[in-house]
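Written below as structure tokens is the structure these notes are about.
The values are calculated or read from the model by the stated rules, or taken from the named source; none is laboratory data. The shown structure was predicted, so the numbers you read here are calculated from the model rather than taken from an experiment. Here the Cβ positions follow ideal geometry from the backbone for every residue, glycine too, while neighbour counts run over all protein chains shown. The protein model used for the area step is the full one, side chains on, heavy atoms only, and it has no ligands, DNA or RNA in it. Shrake-Rupley method; radii C 1.70, N 1.55, O 1.52, S 1.80 Å.
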Amino acid sequence: MRMNTKMLVISSMLTALLFAGQVGMQFLPNIEIVTLLIILYTRAFGKRVFAIIYAFVMLEGLFYGFGIWWVSYLYIWSIFVLVVLLIKSDSVILWSMISGIFGLCFGFLCAIPYFVTGGPGAGVAYWGAGLYFDLLHCAGNVLLCAVLYRPLYRVLSLLAAETRRAASC
């Protein structure tokens, strides 16, 4: 997949928006817009989203530090993108449910490195300590997706169509 200058600039802006949304909402416990934006970016730009998510994860590491939590972000967002790529629906209800399920699963997926490095006890302890936050994550994802999916998808679809038109010229 060749990336032209316009797509590089758009990818950079979308990465910055993803990071700004995450940092801007960090005062809310596990309420984030990242999941919704990754759904929308994936639906609009397909596999090109991998460059965006890895740039985002790198920014997070530079901003917050590279800890064991950071390793999980390398695979969690990739898994989520693969799930989104497999689903060919435009249903707000379906995407809200998927984002909610992802919020519930996030803590477990983050616990995998703790299972590996500290054993089952460490993994279960990490996961169990965060279950309350996974519930908040679920609720926040469902609400944000239900409210913002349609208007943001319209904008990103137009941006993606313009990018494809410019690339074909």
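Entry comment: accessible area of region 120-169 is 62 Å² per residue, from protein heavy atoms only and a probe of 1.4 Å. The phi-based Karplus calculation (6.51 cos²θ - 1.76 cosθ + 1.60; θ = phi - 60°) puts the 3J(HN,Hα) values of region 80-89 at 5, 4, 4, 4, 4, 4, 6, 9, 10, 10 Hz, whole numbers, x for Gly and Pro.
Within the accessible area of the chain, the carbon and sulfur atoms contribute 75%, probe 1.4 Å, all protein chains present. Accessible-area rank, largest first, for Arg43, Arg150, Arg164: Arg164, Arg150, Arg43, with all protein chains present and a 1.4 angstrom probe. Overall, the chain carries a charge dipole of about 740 debye about its Cα centre when +1 sits on the Cβ of Lys and Arg and -1 on the Cβ of Asp and Glu, all other atoms neutral.
Gyration tensor over the Cα atoms of region 83-141: the corresponding equivalent ellipsoid has semi-axes (square roots of 5 times the eigenvalues, largest first) of 27, 14, 5 Å.
Computed extension gain for Glu162 through Met58, at 0.36 nm per residue and net of the alpha carbon distance, reaches 34.7 nm. Kirkwood radius, region 125-169, all distinct C-alpha pairs, inverse of mean reciprocal distance: 13.2 Å. A simple rule links phi to the HN-Hα coupling: the Karplus curve 6.51 cos²θ - 1.76 cosθ + 1.60 with θ = phi - 60°, which for region 106-114 gives 4, x, 5, 5, 5, 6, 4, x, 6 Hz, with x for Gly and Pro. From helices alone, the chain scores -29000 deg cm²/dmol at 222 nm; the rule is -39500 (n - 2.57) for each run of n ≥ 4 DSSP H residues, then divide by the residue total. Pairwise Cα distances in the chain exceed 29 Å in 20 percent of cases. Seen from a random direction on average, the alpha-carbon convex hull of region 14-57 projects onto 2.8 square nanometres. Computed log10 I(q)/I(0) for region 29-95 at 0.15, 0.17, 0.20, 0.27 Å⁻¹: -0.50, -0.63, -0.84, -1.27, from the Debye equation with unit scatterers placed on every C-alpha and solvent omitted.
Averaging the sequence gap over all C-alpha pairs within less than 8 Å and six or more residues apart, then dividing by the number of residues, gives the chain a relative contact order of 28 percent.
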